[in-house]
DNA sequence: AATACTTGTAAAAAATAAAATTACATGATA
DNA sequence: TATCATGTAATTTTATTTTTTACAAGTATT
């Protein structure tokens, strides 16, 4: 499948770091878990770094969060990896000479923006902390917690 | 992949039919407005027909709605053309031997389903009638109204 | 200082989902 | 009957994402 999965992979990477802070956190190790290659992990980590979520130092595998995990939301990560790309797209390639086409797409865009806003409010309520908490609950393995 | 645009094109097609009920509504004519080809228009109309939104008879270009336009929502059309495909996808191709990967994706899926639900509630509030009403308002051309 | 790691990044290639196209069977209408 | 139309399956093309390759540059250990 080639659906966009940077969001899911970015959350995976962040969760991996949060769950295994003492482990080897090199892009190579994380890549094994995400089932991809180190360069792609580094690309996503670069997005997260650019968005001010992650700290990392070149040459040294020691990624850390810039803020507590309960302040890192799904929306933050979505914005970090997807930027302004919306969930639903209008068709910008309609016939420009058709009054119906031009205006309907413009009106649709307004509606999509409202839907996007609702989805983003929903994403804003989900934190990395919540997700990792649920992970620990369901695995019944609190031994690796470090907080 | 290309961005999915069946939803926007399906809404375009429905609006075109609603705005121009007396015009030629052949797939060829609609395709000119959508800037695509007749077969693709027919494919989308087949989805809408299958979903019980549109009536059409083979061999005769006379598409009609099965119900009033204020009972046709964006969600209805989304379901018609996208089926169960969600807006956000988990990564199903993670390393199955990694406890973190498997569980994080499972937990993410639950979160995505909540976001999907909110987005769908938002889509449910938008009707074809509203969109075409806005079209008529902004074009200041009510002369083609037939209701 | 040498080495063996690492990250950071760009660029190219491969994969794949969506749209576009084609082809033709079938139905409607004059 | 001729000429339209729709319905639909199969194939090709296109666009986006992921994957891969490559290498510059930083870090740590010996």
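Some observations on this one:
- The ratio of the alpha-carbon radius of gyration of segment A:64-147 to the globular-protein estimate 2.2 N^0.38 Å is 1.64.
- In degrees, nearest ten, helix B:128-139 long axis to first principal axis of chain B (Cα): 60 degrees
- With label points set 7 Å from Cα along Cα→Cβ, the inter-copy distances at residue A:99 are 6.6 nm, sorted shortest first.
- Over chain B, the Kirkwood radius and the radius of gyration, each from Cα atoms, give a ratio Rg/Rh of 1.09.
- Chain B: angle of helix B:99-124 to the longest principal axis, Cα-based, in degrees nearest 10: 20 degrees
- Helical content alone sets the calculated 222 nm signal of the protein assembly as shown at -18000 deg cm²/dmol, taking -39,500 (n - 2.57) per DSSP H segment of four or more residues and averaging over every residue.
- Estimated Rh, segment B:5-49: Kirkwood, alpha-carbon pairs, angstrom: 10.2 Å
- Within 10 Å of the Cβ of each residue in A:120-133, the mean number of Cβ atoms contributed by other protein chains is 3.
- When peptides A:44-55, B:7-18 are ranked by their average number of other Cβ atoms within 10 Å per residue, the highest-first order is B:7-18, A:44-55.
- Peptide A:13-21 shows a mean partner chain C-beta count of 2 within 10 Å per residue C-beta.
- Label point 7 Å beyond Cα along the C-beta direction, distances from residue B:57 to other copies (nm, shortest first): 7.8
- Neighbouring Cβ atoms from other chains, within 10 Å of the Cβ of residues in A:80-93, number 4 on average.
- Projecting 7 Å from Cα along the Cα-to-Cβ direction, the label point of residue B:38 sits 5.8 nm from its equivalents in the other copies, listed shortest first.
- For chain A, the longest principal axis of the C-alpha atoms and the axis of helix A:38-50 are separated by about 70°.
- One Cα centroid belongs to segment B:41-74, the other to segment A:1-30; the line between them spans 44 Å.
- Per-selection Rg to Rh, segment B:13-97 - Cα, Kirkwood hydrodynamic radius: 1.12
- When the Cα atoms of the protein assembly as shown are aligned to their principal axes, the ranges along those axes come out at 71, 33, 30 Å in descending order.
Since every read-out is calculated from the coordinates, none of them should be taken as a lab result. This one's a predicted model, so the numbers in the text were calculated from it and none came from an experiment. Don't worry about glycine lacking a Cβ; one is built from the backbone with ideal geometry, like all the others, and counts go over all protein chains shown.
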